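Below: one structure, written as structure tokens.
The values are calculated or read from the model by the stated rules, or taken from the named source; none is laboratory data. Quick caveat, the model's predicted, so the values are computed rather than measured. Counting neighbours? That spans all protein chains shown, and the Cβs are built from the backbone with ideal geometry, glycine included. Remember, those area values only see protein heavy atoms, side chains included, never the ligands or the DNA or RNA. Shrake-Rupley method; radii C 1.70, N 1.55, O 1.52, S 1.80 Å.
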Amino acid sequence: MTYELKAPFPWFGGKSRVADIVWERFGNVPNYVEPFFGSGAVLLGRPHSPGTETVNDLDCYLANFWRSIKTNPSTTAAWADWPVNEADLLARHQWLVDQAEFKAHMRRDPEHCDLRIAGWWVWGICQWIGSGWCAQRGNGHQPEQLPHLGTAGMGINRKLPHLGDAGRGEAIAEYFAALSNRLRGVRVACGEWDRVLGDSVTVKHGITGVFLDPPYSPDEHSVTYSANSDVAAQVREWAIANGSNRDLRIALCGYEGEHALPDDWECVAWKARGGYGSQSEGAGRANASRERIWFSPNCLRVQEVLF
């Protein structure tokens with residue numbers, strides 16, 4: 001069965017709505033690099049057969065999930081197949097937070113993955129509301145966290161489009177297998193963003209599309225989600241310094257006014273779907289209309305973009 005591949009979990013700041021715009025500007029590049037992989041919406045939305053692809057994310061739990069379904073999707077699915085349960089959610093949250101040795105292994109061994117941690121992580125993030133999943137609070141106290149109980153469900157807890165007469169566990173395993181097949185040739189790194197932007201990962205493989213979706217700058221206090229408050233500025237500096245390279249096609253994401261790029265960069269406005277913050281008249285709704293992508297001068301140009 002053919003699927004429209006998407007991450008099987010909700011992710012703040014996902015770019016599924018603009019994947020087609022990015023690939024219009026990149027074209028069918030032989031090499032693709034994504035230093036802030038997140039839910040992988042742009043890579044999974046690629047409309048043509050992949051070439052060389054390298055992705056990275058600093059979050060060990062997220063990188064472990066992508067490694068795990070690439071390595072053993074059926075066992076990862078088995079660990080993820082569990083009912084929504086608040087007591088289990090809190091217990092697994094604390095257990096996952098305490099896995100210090102796992103985090104060390106993830107950064108020492110590029111092939112290390114833990115299938116149980118991957119399954120429990122994706123099971124939990126699909127019912128956790130707001131931020132803080134697998135993050136220890138400063139006082140060490142567990143949060144009182146009611147699971148997501150909406151009618152549609154989230155991620156693997158929603159009614160999967162291909163479920164049919166199959167059981168949910170079987171459907172999850174089938175979907176993870178499809179994702180595994182797509183990720184078969186993708187190299188998954190777990191570390192700082194600039195580790196995958198050297199010449200040996202980019203231009204030595206040919207013309208390279210680089211999709212940069214860094215954490216929002218520290219001025220955007222309500223949505224900053226990085227311990228490194230300078231990362232957005234550092235990414236912008238890298239983009240400007242490399243924007244004239246004919247072998248690089250760069251896309252930089254951010255909010256309106258967040259990045260000042262040279263005049264020969266193209267700025268495209270788009271509107272995010274938003275999450276809980278967009279359901280009121282708060283910052284989430286306003287920020288949804290501030291999303292921008294800046295494309296470097298060597299990206300392909302199109303006559304008209306429909307939003």
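Across the range 233-251, what is the total count of residues that are open to solvent by 10 Å² or more (accessible area, probe 1.4 Å) and farther than 16 Å from TYR32 by Cβ?
Qualifying residue count, the range 233-251: 9.
Based on what the data block shows, is GLU101 of a type in the set (D, E, K, R) and either open to solvent by 20 Å² or more (accessible area, probe 1.4 Å) or farther than 24 Å from PRO215 by Cβ (or both)?
Answer is yes for this residue.
Tell me whether the range 252-275 contains one or more residues that are modelled with pLDDT under 90, surrounded by fewer than 17 Cβ atoms within 10 Å (Cβ to Cβ), within 18 Å of GLU24 (Cβ to Cβ) and basic (Lys, Arg).
Yes, the range 252-275 contains at least one residue that is modelled with pLDDT under 90, surrounded by fewer than 17 Cβ atoms within 10 Å (Cβ to Cβ), within 18 Å of GLU24 (Cβ to Cβ) and basic (Lys, Arg).
For the range 8-36: of the residues being among the aliphatic types (A, V, I, L, M) and in contact with a helix residue (DSSP H, G or I) (Cβ under 7 Å, 6 or more places away or on another chain), which is modelled with the lowest pLDDT?
Ranking the candidates gives ALA19 first.
When you go through SER222, SER217, SER200 one by one, which is the residue that is modelled with pLDDT of 60 or more, open to solvent by 60 Å² or more (accessible area, probe 1.4 Å) and polar (S, T, N, Q)?
One residue alone meets the criteria, SER200.
Under 6 Å between Cβ atoms, which residue pairs at least 6 apart in sequence (or on different chains) link something in the range 228-249 that is without any contact (Cβ under 8 Å) to a residue 40 or more places away in the chain with a partner that is surrounded by fewer than 18 Cβ atoms within 10 Å (Cβ to Cβ) and not polar (S, T, N, Q)?
SER229/PRO218
Considering every residue within the range 86-95, establish whether at least one is open to solvent by 40 Å² or more (accessible area, probe 1.4 Å), in a helix (DSSP H, G or I) and in contact with a helix residue (DSSP H, G or I) (Cβ under 6 Å, 6 or more places away or on another chain).
Checking the range 86-95: not a single residue is open to solvent by 40 Å² or more (accessible area, probe 1.4 Å), in a helix (DSSP H, G or I) and in contact with a helix residue (DSSP H, G or I) (Cβ under 6 Å, 6 or more places away or on another chain).
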